[in-house]
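What follows is a short report on a single structure.
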Amino acid sequence: MTTVEIAPSPSQQVMDLEHAHVLQNYARYPLVLHRGRGPYVYDLAGKRYLDFIAGIGVNALGHAHPRITKVIREQAGLLIHSSNLYYHEYQGPLAAALTRASGLTRTFFANTGTEAMEGALKMIRAHGNRAAAGKHEIVSLENSFHGRTLGALSITGQPKYRKDFEPLLPGVRFVPPNDEAALEQAVSDSTAGIVIEWIQGEGGVVPMTHSFTRKARELADRYNALLVFDEIQCGVGRTGNYFGYQLADPVIMPDVMVAAKPVACGLPLAVICANERAASAIGAGMHGSTFGGNALACRVAVEFFGILDELLPAIRRVGAYFKAELEGLAAKHSFIKEVRGYGLMVGVDMAVPGKQMVLDAMDAGLLMNCTHDTVLRFLPPYIVAEKEVDKAVRILAKIFKKQKS
């Protein structure tokens, strides 16, 4: 009897090759994406998925946006990279756009959020060393996530990320988020910086109260420390404002702000924005980046900011609609504890694990993810409309019905 061998599917071939040669540090979902258009992506077989995770908040304008595609094609034919030994035409306009959006006057360009956080940590340390001997401590928050490098891990308030790499940077104190008394007790003359995610992303979409961040600003001023806001996930339009700290009224200004994910619509680009006091801590030769702020990424980001201005009202409107629809589902299912977030950064906190729900949603054509084990996280592209929200909610309603309430 002849045995017929069945060749693996194209998707399985892709996954097998990665399993054989790529470092196995990612727990990937069994899905190979091939292309995208607007708020949708397609696998190798042509199946369509509504993308409500958007590259973990990176693909702010969805996929194959015509203006972004045009700019990439044009700039790739002119100049992609020149290094920071020379000027090019787009760092200045992008830095000016960031100043207008953030209210901070100086920008450093990096590649990733964790790299931007490393630069901010150096700014904190340089500021502290200049101010007084022994002024080097950093106050951060429990449940926070700031990146994967050793410095960023040192201020990440989740032991599961730190434990395999300890000992890490000394002099870090952690306080519970939104605990003003604990924050006041932790900050002292030895404190060089206070680092806060305005909305904790990997920590389960947990917003900071305006009162807490106002207290942080007050303490930073009192003890001559730098207040750093990590806006890597919640910034650059995600909340319906340019940055999360602008949700407060009056706005609570940081000394330093780091952002990354959506800035260049999928190309690697991150920024450190600082006021003059913080920026003056970094002099010539004290910091740098080979790839940071290259011509291609910066030109795309300039184009993105030109589009973002028009999108902010829609982000607020569609985000409010999505949150209200999710709250309607929460009212029907007792395992849903809370719906949190602003704009198009929304988390559904549950009393049950969410991993299987993510897989069920993927089977049904909806991409999302689960963070903190029990929080479904949604970071849709800024171009989504109510009709896409309705489709996502219909899929979620069917998935939630499978769960015992």
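The values are calculated or read from the model by the stated rules, or taken from the named source; none is laboratory data. Here the structure is a predicted model, which is why all the values come from computation and not from measurement. Cβ sites come from the backbone with ideal geometry, for glycine too, and all protein chains shown count toward neighbours.
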When every residue in the stretch 319-346 that is without any contact (Cβ under 8 Å) to a residue 12 or more places away in the chain and not in a helix (DSSP H, G or I) is compared, the one nearest to Thr209 (Cα to Cα) is Glu338
Expected single match for in a helix (DSSP H, G or I), basic (Lys, Arg) and either crowded, with 21+ Cβ neighbours inside 10 Å or in the same structural domain as Val206 (by TED's automatic domain parsing) (or both) among Arg299, Arg316, Arg377 is Arg299
Going through (1) in the same structural domain as Glu202 (by TED's automatic domain parsing); (2) touching a residue at least 60 places away in the same chain (Cβ under 8 Å); (3) surrounded by 24 or more Cβ atoms within 10 Å (Cβ to Cβ) one by one, Val263 fails only at (2)
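Restricting the stretch 368-392 to residues that are closer than 21 Å to His333 by Cα and of a type in the set (A, V, I, L, M, F, W, C), which is nearest to the chain's Cα centre (by Cα)?
At the first step, the residues of the stretch 368-392 found to be closer than 21 Å to His333 by Cα are 368-378, 389-392.
In the following step, the residues that additionally are of a type in the set (A, V, I, L, M, F, W, C) were identified as 368, 370, 375-376, 378, 389, 392.
Working: Met368: 15, Cys370: 15, Val375: 16, Leu376: 15, Phe378: 12, Val389: 21, Ala392: 22 Å.
Selected residue: Phe378.
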If we scan the stretch 68-89, do we find a residue that is on the phi < 0 side of the Ramachandran plot, modelled with pLDDT of 95 or more, part of a loop (DSSP other than H, G, I, E, B) and in contact with a Ser or Thr (Cβ under 6 Å, 6 or more places away or on another chain)?
yes
Condition set in contact with a Pro (Cβ under 8 Å, 6 or more places away or on another chain) and hydroxyl-bearing (Ser, Thr, Tyr), scope the stretch 109-153, selection nearest to Leu267 (Cα to Cα): answer is Thr112
Residue pairs within 8 Å by beta carbon, gap of at least six or interchain, first lying in the stretch 97-115 and farther than 18 Å from Ile282 by Cα and assigned by TED's automatic domain parsing to the domain that holds Cys265, second of a type in the set (Asp, Glu) and surrounded by fewer than 20 Cβ atoms within 10 Å (Cβ to Cβ), listed first then second, are none
Of those in the stretch 347-378 that are in contact (Cβ under 8 Å) with a residue 24 or more places away in the chain and out of contact with any strand residue (DSSP E or B) (no Cβ under 6 Å at 6 or more places or on another chain), the residue farthest from Asn59 (Cα to Cα) is Val352
Picked from the stretch 124-144 (must be in contact with a helix residue (DSSP H, G or I) (Cβ under 7 Å, 6 or more places away or on another chain) and closer than 22 Å to Pro177 by Cβ), the residue surrounded by the most Cβ atoms within 10 Å (Cβ to Cβ) is Val139
Reported set for the stretch 13-55 where residues are surrounded by 14 or more Cβ atoms within 10 Å (Cβ to Cβ) and in a helix (DSSP H, G or I) is Val14, Met15, Glu18, Ala54, Gly55
In the stretch 358-380, anything within 26 Å of Thr156 (Cβ to Cβ) and among the aliphatic types (A, V, I, L, M) is listed as Val358, Leu367, Met368, Val375, Leu376, Leu379
All conditions in (1) closer than 21 Å to Ile196 by Cα; (2) in a helix (DSSP H, G or I) are true of Arg100 except (1)
Picking from Gly240, Gly285, the residue that is at positive phi, at pLDDT below 95 and not basic (Lys, Arg) would be Gly285
All conditions in (1) surrounded by 17 or more Cβ atoms within 10 Å (Cβ to Cβ); (2) more than 18 Å from the chain's Cα centre (by Cα); (3) of a type in the set (A, V, I, L, M) are true of Ala60 except (2)
